[in-house]
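The values are calculated or read from the model by the stated rules, or taken from the named source; none is laboratory data. The shown structure was predicted, so the numbers you read here are calculated from the model rather than taken from an experiment. Heads up, the Cβs are rebuilt from the backbone with ideal geometry, glycines too, and the neighbour counts pull from every protein chain shown. These accessible areas exclude ligands, DNA and RNA; they are computed on the full protein's heavy atoms, side chains included. Shrake-Rupley method; radii C 1.70, N 1.55, O 1.52, S 1.80 Å.
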Amino acid sequence: LDLETTQIRLPRGRKAHLQTLLGLGLFGSVINISAPILICDRLALDKPIDRLTLRSISQVFCACSCWSPYFGGTALVLTYVQGVSIIYIMLTGLPLLLLTILWAHTYSVVKDSKRIENFTGYPITLSKLWLPVSLTAAVVSMQALLPSMPILVVISLSALLLCAGVLWMRL
């Protein structure tokens with residue numbers, strides 16, 4: 001793609017900042033460290049990433065670990081803490097992620113509203129959301145159906161089955 005053409009389509013302003021943080025919260029929860037790298041790489045095409053943006057991205061990515069079954073810490077808790085369920089972790093941790101996103105966005109707007117008004121965001125579209133949503137649903141469903149299966153096996157098997165299913169549908 002032509003860089004100029006791509007830049008025209010990129011969202012801008014406060015809404016773009018919030019959408020970028022929400023997208024990072026969703027993607028970061030599923031694909032982990034690759035998400036902030038991909039988003040920062042894309043944002044850096046427009047202009048160097050400033051300290052305020054890095055702060056927001058770091059805060060939101062760290063908060064992904066509060067609820068995501070794809071983080072090692074969550075898998076460790078599910079493996080070693082008797083009676084805890086993946087649903088409980090997700091339902092208690094997801095509001096923490098959302099509060100962090102709201103806080104990071106609000107702080108950025110208050111700290112430097114001019115910079116946020118000119119912020120060039122990461123383009124989040126419905127076509128990009130199906131994978132993290134599908135993978136999360138697959139893990140939660142498989143864990144509910146097979147509660148005695150170790151969470152690392154559930155995550156690996158869910159990813160494998162989802163990939164195989166998508167490839168089979170594209171044949």
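Summary table below
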{"item": "Dimensionless Rg ratio for segment 58-171, taking C-alpha atoms and the 2.2 N^0.38 Å reference", "result": "1.30"}
{"item": "Dipole moment magnitude, nearest 20 debye, segment 51-171 about Cα centre, only Lys, Arg, Asp, Glu C-beta charged", "result": "340"}
{"item": "The chain - percent of accessible surface contributed by carbon and sulfur, probe 1.4 Å", "result": "69"}
{"item": "Å² of accessible area per residue within the chain, as computed with a 1.4 Å probe and no ligands counted", "result": "59"}
{"item": "Estimated Rh, segment 27-124: Kirkwood, alpha-carbon pairs, angstrom", "result": "14.6"}
{"item": "For segment 111-171, the Rg and Dmax computed from alpha carbons only, in angstrom", "result": "17.7, 52"}
{"item": "C-alpha long axis of helix 34-43 to longest principal axis of the chain, angle in °", "result": "10"}
{"item": "Farthest toward positive dipole pole in the chain [+1 Lys/Arg, -1 Asp/Glu at C-beta], among Gly165, Cys40, Thr136", "result": "Cys40"}
